[in-house]
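Since the structure comes first, as structure tokens, the remarks are kept for the end.
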Amino acid sequence: MQDTWLQDTQLGKKPREGFSSSVGVIAATLGSAVGLGNIWKFPYVTGQNGGAAFILIYLIAALLISAPIMLSELMIGRKTHANAVGAFKTLAKHEPWFLVGVSGVISSFLIMAFYSCVAGWVFSYVFKAVAGTIESTSPQQTFAVFQTLVNGVGEPLFWQLFVLAFTGTIIMAGVSKGIERVTKALMPILFVLLLIVDIRSLTLPGASQGLKFLFQPDFSKISISVILAALGLAFFKLSVGMGTMTTYGSYMGENENLPKTVLTVMLSDTLVSIMAGIAIFPAVYAFGFKPDAGPSLLFITIPTVFSSMPFGRFFMILFFILVAVAATGAILSLLEVPVAYIVEEYKISRRMATLGTIMAIALVGSTATLSTTLLSQMHIFGKNFFDLYDFVTSNILLPLGGIFFAIFVGWRWGFEDMFEVFSNHGRLKNEGLARIYFILVKFFAPVAIALVLLTGLGFIQF
Ligand code: TRP
């Protein structure tokens with residue numbers, strides 16, 4: 001089958017928009033991966049699951065399961081140059097595979113519901129940092145500020161809508177002029193800033209205890225629910241399992257080295273997470289916080305670290321701006337999944353598709369934002385809306401989506417067709433790597449994910 005991109009050009013149709021350079025490809029893909037998952041979620045989930053042993057399992061899951069599936073997604077996208085649903089329709093006509101894409105579109109709404117809420121907290125912290133209201137080395141004080149924010153109604157809702165309007169505007173600008181340009185400019189600054197916080201954090205009194213928590217594994221802390229959490233995080237943090245990478249892959253050109261892109265993104269993403277851990281855990285011990293504080297962890301520890309250093313307010317402002325930027329890059333990739341789907345499958349303008357999408361997210365998202373206040377009585381499976389969206393997506397829908405992406409490549413596509421894309425039509429000499437990758441997606445990943453899912457959710461017992 002010929003690439004649809006080529007066909008379009010030959011037929012004289014306007015070619016589909018895409019990323020304009022290899023640097024842009026890495027920036028956008030990394031921009032999708034690096035986000036609140038690294039800076040907010042990774043530290044707090046690590047804190048709740050006992051530290052270093054959890055991180056070790058996370059790394060194994062990321063390398064052997066999420067990374068190969070990320071590559072599968074990118075290849076399916078680049079082969080078809082279509083959105084998550086359209087890609088499957090192209091590769092497997094009249095077969096139910098497109099439902100994997102549909103499930104991805106649904107997941108995107110559920111993730112965005114709580115993600116936009118947390119991003120709203122981050123944006124509001126930028127302004128609080130400017131106003132000086134979060135400047136304090138007292139844990140009670142920083143905790144009180146956070147509580148006031150999340151226990152409000154108007155304030156968190158306002159910031160959530162702000163985030164949606166802001167990111168929606170960038171999405172409307174398009175793939176290369178919007179997504180690519182914004183992520184390329186800001187990723188490097190985030191890195192440097194994390195480095196500065198790390199240095200301050202490492203020189204706090206008692207920093208070593210935090211490092212021990214991060215790097216000295218205690219295997220007695222491992223249980224099946226810890227393993228499920230690690231697997232879920234490996235999907236979430238790398239934006240894998242719902243078609244984000246399929247969509248981004250569809251914007252990549254025939255000369256991009258996809259396996260290399262995946263490795264670069266995975267390693268950088270891991271580095272950013274570890275740096276976020278180093279920024280936070282020494283402070284946890286130095287200032288008497290608890291590592292298992294949950295979603296509030298970032299918001300209560302970071303202000304204390306900055307408040308205890310010279311020019312603290314300046315760096316604090318910069319830090320929250322960059323977390324906001326990281327969240328923005330990730331949100332763009334989450335929004336792009338439904339937007340590309342609606343634009344291409346229903347021939348609706350990019351503007352209208354974006355508008356409809358963010359309005360729907362605002363609606364679902366408000367239930368997450370209000371889950372500890374107006375809706376605090378509502379529980380499903382013992383969880384409020386916020387926790388429910390988070391749990392269902394990370395620990396069920398993404399791994400499940402991942403299984404199908406892996407099975408599709410391993411069993412439906414097959415080695416020959418896959419290798420065409422893997423090797424850029426034979427131009428890259430990477431058959432050895434392709435063989436390893438193929439075994440991982442054909443056998444290892446689906447079996448491992450299924451076992452963890454079924455045991456973690458209590459369907460089978462050992
Ligand atoms: N990976 C992003 C983060 O760490 C979140 C994200 C963006 C995502 N796109 C996704 C998660 C697709 C799952 C699926 O913050």
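The values are calculated or read from the model by the stated rules, or taken from the named source; none is laboratory data. Keep in mind it's a predicted model, so treat the numbers as computed, not measured. Here Cβ is always computed from backbone atoms with ideal geometry, including for glycine, and neighbour counts include all displayed protein chains. Areas reflect the complete protein model, heavy atoms only, side chains present, ligands, DNA and RNA absent. Shrake-Rupley method; radii C 1.70, N 1.55, O 1.52, S 1.80 Å.
Can you compute the helix-only [θ] at 222 nm over the chain? Use -39500 (n - 2.57) per DSSP H run of at least 4 residues, normalise by all residues, nearest 500 deg cm²/dmol.
Details: 22 runs with 317 residues, N = 462.
Mean residue ellipticity at 222 nm (helix-derived): -22500 deg cm²/dmol.
Measuring against 23 Å, Cα to Cα, the residue pairs Lys128/Lys212; Lys212/Lys260; Lys79/Lys442; Lys260/Lys347; Lys41/Lys260 contain Lys128/Lys212; Lys212/Lys260; Lys260/Lys347; Lys41/Lys260 as the ones spanning a longer distance. Annotation: aspartates and glutamates with alpha-carbon distance below 20 angstrom to Lys184 (same-chain offsets under eight excluded): Glu17, Glu256, Asp269, Glu336.
Sorted by accessible area with a 1.4 angstrom probe, largest first, how do Glu344, Glu155 fall?
Ranked from most to least accessible, the order is Glu155, Glu344.
Ranking of Trp97, Trp121 by solvent-accessible surface, largest first: Trp97, Trp121 (1.4 Å probe, protein heavy atoms only, all chains present). Cα-based radius of gyration for the chain, normalised by 2.2 N^0.38 Å, reads 0.95. Between Thr373 and Phe166, the FRET efficiency from the beta-carbon distance, with R0 = 22 Å, is close to 0.40.
If you sort Tyr341, Tyr437 by accessible surface, 1.4 Å probe, largest first, the order is Tyr341, Tyr437.
Taking a point 7 Å from the Cα of Ile199 along the Cα-to-Cβ direction, the residues of the stretch 300-336 with backbone N closer than 20 Å to it are 302-323. Only protein atoms count toward the accessible area here, which uses a 1.4 Å probe; on the stretch 374-462, the carbon and sulfur part of that area reaches 68 percent. Taking the Cβ of Glu95 as the center, what net charge do the other residues with Cβ under 12 Å away carry, scoring Lys and Arg +1 and Asp and Glu -1? So the environment of Glu95 carries a net charge of +3. Listed by chain and number, the aspartates and glutamates whose alpha-carbon sits under 15 Å from that of Lys93, ignoring those within fewer than 8 places in the same chain, are Glu345. Could you work out the relative contact order of the chain? I mean the mean sequence separation of Cα pairs under 8 Å and 6+ apart, divided by the number of residues, in percent. Averaging sequence separation for qualifying contacts and normalising by length gives 32 percent for the chain. Phi angles across the stretch 156-172 convert, under the Karplus curve 6.51 cos²θ - 1.76 cosθ + 1.60 with θ = phi - 60°, into 3J(HN,Hα) values of x, 5, 4, 5, 5, 5, 4, 4, 5, 5, 4, 5, x, 5, 5, 4, 4 Hz, Gly and Pro given as x. With a 1.4 Å probe and all protein chains kept in place, how much accessible area does Lys260 have, in Å² rounded to the nearest 10? Counting only protein heavy atoms, the figure is 130 Å².
Counting heavy atoms of the protein chains alone, Phe143 has an accessible area of about 90 Å² for a 1.4 Å probe. The accessible area of Leu63, taken with all protein chains in place and a 1.4 Å probe, comes to roughly 90 Å².
The long axis of helix 139-150 is offset from the longest Cα principal axis of the chain by roughly 50 degrees.
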